[in-house]
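Written out below as structure tokens is the structure these notes cover.
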Amino acid sequence: MPNDATAANSRWLLLIHQLPPKPNYLRVKVARHMQRIGAVAIKNTVYVLPATDSSLEDFQWALREIRDGGGEANLFEARVIEGLSDGEVQQLFNTARDEDYGRVVAEATDLLKAASRKKRDEAQIGTDVQRLRKRANEIGTIDFFGAAQGHVATTLLDQIAQRLSEAPLPPVPAAEVFRGRTWVTRAGVHVDRMASAWLIKRFIDSDAAFKFVPAKGYTPADGEVRFDMFDAEFTHEGDRCTFEVLIDRMRLADRTLRPIAEVVHDIDLKDAKFDRPETPGIAVLIASIAMAHHDDLTRIERASQVLDDLYVYYGKKGR
């Protein structure tokens, strides 16, 4: 998606620099910096960005880096770049971003084929989708003019996620099977395990007890159910976090749980799939609970209070 560069009235920031012959690494360092912030070269020593506040800050850091390395650099704002129309400059950006997205598209195409033919483990495909979606989001932050391959990449990743979600779900055991059980998960709970514990206690097993163990190597005893850990009965499937899997596997039809699931998903997987505006604030609350409390049961209790309030909020907002 194009960002605020489209509002820059075709003004451009130009960074003109000259690097010393030594050290050699400085040239590589500067080139990588320019690639990271999305600047494109119109000459060997001239880089351009749209004239926005964020671009100005990015170039100012680059300016300092070049000068600290013994080079010379100056920053200018221009309405017209000699020898290039605004459309041609924008095309330079789109070409660069299409190349970036192209690598995501190539890998996503292979993943879609694998998902369609079921030639690879679905959990691994889901992990790869998360990684590619994160990369596409990173490219999106420097995609100033909406490069065409960005839409292609997003569409492919959504198709893969849809294909994974269409896999038949395991049958749901009778509800009484999960009453009065001990639910086991990894120690050091964070958002997905906190939220899953709240979901279990409130909607699945009101008499649930919780047990916290190392991430791997634990053998469950009779009456124990594992969640969000290696080889668990309930854990990540495809690109869905454990909270989402519990909702789907247990056939919880409460629509108020869906926005909560979207928030938990984005905080846990860091892929901005749903990109709800309230997610960053809730992420801070969850992080503050984890920082302030080392005991896992206390973390769950504190997070449950937040989730109870969110449930009321989304319920009323939905109505």
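Quick look at the numbers
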{"read-out": "Carbon plus sulfur fraction of accessible area for the chain, probe 1.4 Å, in percent", "value": "51"}
{"read-out": "Most mobile of T95, T219, T141 in a GNM of the chain (Cα contacts under 10 Å)", "value": "T219"}
{"read-out": "Where the chain is the region considered: accessible area per residue in Å², 1.4 Å probe", "value": "54"}
{"read-out": "W183 long-range amide H proximity, modeled H, under 5 Å", "value": "A209, F210, K211, V225"}
{"read-out": "Relative contact order for the stretch 177-260, counting Cα pairs under 8 Å that sit 6 or more residues apart, in percent", "value": "32"}
{"read-out": "Estimated FRET transfer efficiency (S206, A123; beta-carbon r; R0 25 Å; 0.05)", "value": "0.25"}
{"read-out": "Net length gained if the chain between R251 and V213 were fully extended (0.36 nm per residue, minus Cα distance)", "value": "10.9 nm"}
{"read-out": "Residue-span extension gain [D110 to R11] - 0.36 nm each, minus C-alpha spacing", "value": "31.7 nm"}
{"read-out": "Label-to-label distance, nm, for residues given as A221 and Y313 (7 Å Cα→Cβ offset)", "value": "3.9"}
{"read-out": "The stretch 16-85 versus the stretch 255-279: alpha-carbon centroid distance in Å", "value": "37"}
{"read-out": "The stretch 69-228, relative contact order in percent, only Cα pairs under 8 angstrom and at least six apart counted", "value": "22"}
{"read-out": "Computed [θ] at 222 nm, helices only, for the chain once each DSSP H run of length n ≥ 4 contributes -39500 (n - 2.57)", "value": "-17500 deg cm²/dmol"}
{"read-out": "Label zone at M291, where the point sits 7 Å out along the Cα-to-Cβ direction: the stretch 301-317 residues whose backbone N lies under 17 Å", "value": "303"}
{"read-out": "HN-Hα J in Hz across the stretch 300-317 - Karplus 6.51, -1.76, 1.60, θ = phi - 60°, x for Gly and Pro", "value": "5, 4, 5, 5, 4, 4, 4, 5, 4, 5, 4, 4, 5, 4, 5, x, 5, 5"}
{"read-out": "Relative contact order (%) - the chain, alpha-carbon pairs under 8 angstrom, separation at least six", "value": "16"}
{"read-out": "Pair V28, A187: separation of 7 Å Cα→Cβ label points (nm)", "value": "4.2"}
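The values are calculated or read from the model by the stated rules, or taken from the named source; none is laboratory data. The structure presented is a predicted model; accordingly, all values stated were derived computationally and were not measured. Neighbour counts run over all protein chains shown; Cβ positions are idealised from the backbone, glycine included. Heads up: the accessible areas ignore ligands, DNA and RNA and are worked out on the full protein's heavy atoms, side chains in. Shrake-Rupley method; radii C 1.70, N 1.55, O 1.52, S 1.80 Å.
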